[in-house]
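Below is one structure, written out as structure tokens; the observations come after it.
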Amino acid sequence: MGTIILGIESSCDDTSAAVLDDGKVLSNVIASQAVHLRYGGVVPELASRAHQQNIIPVVDKAIADAGITVDDIDAIAFTRGPGLMGSLLVGTSFAKGFALAKGIKMVDVNHLQAHVSAHFIVDDERPLPRFPFLCLLVSGGNSQILLVKDYTDMQIIGQTIDDAAGEAFDKCAKVMGLPYPGGPVIDKLAQEGNPLAFDFSKPNIKDYDYSFSGLKTSFLYTLRDRLKDDPDFIEKNKADLCASLQHTVIDILMKKLIKAAKDLKITEIALAGGVSANSGLRKAFDELHTKRGWTVFVPKFSYTTDNAAMVASAGYRKYQMGIFCDQAVAPYSRTVI
Ligand code: KG4
């Protein structure tokens with residue numbers, strides 16, 4: 001047995017615990033919170049309560065699934081932020097109690113660095129990216145291009161100035177009456193539609209920054225105008241609307257990423273975050289390899305949305321570098337890397 005890290009993720013609406021042995025995943029348990037479904041979005045107060053109920057059973061299962069005992073754990077890594085404060089407090093307080101009870105080190109992890117660290121999980125079938133590389137981090141709350149110089153040294157070179165890519169999917173899905181989260185549903189419906197059926201507006205933003213609020217407005221105006229003449233417009237055109245929206249989001253994301261890669265002369269490119277589950281975006285990444293010869297890193301599906309394996313992976317690297325936190329640590333809801 002090597003260095004055993006227990007990871008805890010509780011930044012939003014998934015309670016997760018994972019065990020890693022020298023960076024290899026032994027277990028990764030995720031309890032999703034169905035309670036938010038009927039509200040069409042995450043309700044912070046309900047999320048905190050569900051984390052409080054889930055955290056002990058989820059950790060117990062992660063330890064059992066890993067085939068280790070509590071005494072084998074060398075350190076506990078937890079998401080310190082950014083995220084929902086009440087949710088983060090549950091994971092942080094659990095980590096403090098656990099570390100104190102077992103007399104082990106605590107490692108605080110930035111949630112965004114954790115998404116990138118999904119690529120540092122040791123897996124015999126997957127090579128690790130070489131530094132420096134670029135990572136497109138796309139989730140429900142973030143859309144960023146990161147220049148990853150080291151396991152902990154990540155520089156944001158571009159980011160959204162308003163909505164995130166996942167938010168654009170979720171909000172457009174909501175106005176079409178689709179369930180939350182909208183991204184996976186749009187992805188599925190888009191398979192049957194024509195990506196060029198509708199022409200939504202694209203932003204003109206400086207450097208490597210993104211904007212998705214204009215696309216969202218353009219989508220809403222299209223629906224409003226067309227619903228006037230045809231009340232069944234959404235129902236009849238769902239697949240085309242989804243395909244065109246997805247096509248536009250991917251186009252916006254990829255153009256800036258390719259520009260950054262060319263400007264910085266970096267051809268190792270990684271994808272991370274919940275939206276990296278999107279089939280169209282994965283295809284666009286495959287094309288970076290097949291058409292341009294770049295080296296691409298796309299995470300396994302299980303490490304795309306919020307999970308503790310990526311937190312433990314970030315924690316393992318910090319542990320190796322001797323970077324720890326103490327019992328006075330407090331979570332943060334917002335931060336830059
Ligand atoms: O990283 P993540 O789990 O956490 C948050 O940022 O909350 O990302 C969740 C986001 C949601 O916006 C969801 O709609 C989106 O990821 N998502 C997808 C797909 N699967 C999840 N977006 C597009 N296509 C998908 N297949």
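The values are calculated or read from the model by the stated rules, or taken from the named source; none is laboratory data. Everything numeric in this text was worked out from a predicted model, so none of it was measured. No Cβ is skipped: glycine too gets one built from the backbone with ideal geometry, and neighbour counts run over all protein chains shown. Areas reflect the complete protein model, heavy atoms only, side chains present, ligands, DNA and RNA absent. Shrake-Rupley method; radii C 1.70, N 1.55, O 1.52, S 1.80 Å.
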Within the range 61-97, tally of residues that are surrounded by fewer than 21 Cβ atoms within 10 Å (Cβ to Cβ) and either within 16 Å of SER32 (Cα to Cα) or within 22 Å of the chain's Cα centre (by Cα) (or both):
5
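If I filter the range 173-184 down to residues being within 10 Å of the ligand (Cβ to nearest atom) and assigned to a helix (DSSP H, G or I), which single residue comes out as nearest to LYS238 (Cα to Cα)?
Step one: list which residues in the range 173-184 are within 10 Å of the ligand (Cβ to nearest atom), which gives 173, 180-184.
Remaining after also requiring assigned to a helix (DSSP H, G or I): 173, 182-184.
Details: ALA173: 10, GLY182: 13, GLY183: 14, PRO184: 14 Å.
Among those that are within 10 Å of the ligand (Cβ to nearest atom) and assigned to a helix (DSSP H, G or I), it is ALA173.
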Could we say that THR222 is open to solvent by less than 70 Å² (accessible area, probe 1.4 Å), under 15 Å from VAL275 (Cα atoms) and more than 11 Å from the ligand (Cβ to nearest atom) here?
no
Check the range 209-219 and report whether any residue there is among the acidic types (Asp, Glu), closer than 17 Å to VAL249 by Cα and away from the ligand (no atom under 16 Å from the Cβ).
yes
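Does ASP108 count as part of a strand (DSSP E or B) and of a type in the set (Asp, Glu)? Lay out the reasoning, then the answer.
Working: part of a strand (DSSP E or B): yes; of a type in the set (Asp, Glu): yes.
Yes; evaluated as a whole, the condition is true for this residue.
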Tell me, which residue of the range 2-43 that is open to solvent by 40 Å² or more (accessible area, probe 1.4 Å) and assigned to a strand (DSSP E or B) is farthest from VAL59 (Cα to Cα)?
LYS24
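Tell me, which residue of the range 153-170 that is surrounded by 19 or more Cβ atoms within 10 Å (Cβ to Cβ) and out of contact with any Lys or Arg (no Cβ under 9 Å at 6 or more places or on another chain) is nearest to VAL249 (Cα to Cα)? Explain how you work it out, then say what you get.
Taking the range 153-170 first, the residues surrounded by 19 or more Cβ atoms within 10 Å (Cβ to Cβ) are 154, 158, 160, 163-170.
Add one more test, that the residue is out of contact with any Lys or Arg (no Cβ under 9 Å at 6 or more places or on another chain), and what stays is 154, 160, 164-166, 169-170.
Values: MET154: 24, THR160: 12, ALA164: 10, ALA165: 7, GLY166: 9, PHE169: 9, ASP170: 12 Å.
Among those that are surrounded by 19 or more Cβ atoms within 10 Å (Cβ to Cβ) and out of contact with any Lys or Arg (no Cβ under 9 Å at 6 or more places or on another chain), it is ALA165.
Just the residues that are within 16 Å of the ligand (Cβ to nearest atom), open to solvent by less than 50 Å² (accessible area, probe 1.4 Å) and closer than 22 Å to THR15 by Cβ, please, taken from the range 295-330.
Here is the first cut: in the range 295-330, the residues within 16 Å of the ligand (Cβ to nearest atom) are 298-311, 313-314.
Imposing the further condition that a residue be open to solvent by less than 50 Å² (accessible area, probe 1.4 Å) reduces the set to 298-299, 303-304, 306-311, 313-314.
Passing the criteria: PRO299, TYR303, THR304, ASP306, ASN307, ALA308, ALA309, MET310, VAL311, SER313, ALA314.
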From the list ASP199, ASP150, exactly one residue is among the charged types (D, E, K, R), under 23 Å from the mean Cα position of the chain (by Cα), surrounded by fewer than 21 Cβ atoms within 10 Å (Cβ to Cβ) and part of a loop (DSSP other than H, G, I, E, B). Which is it?
ASP150
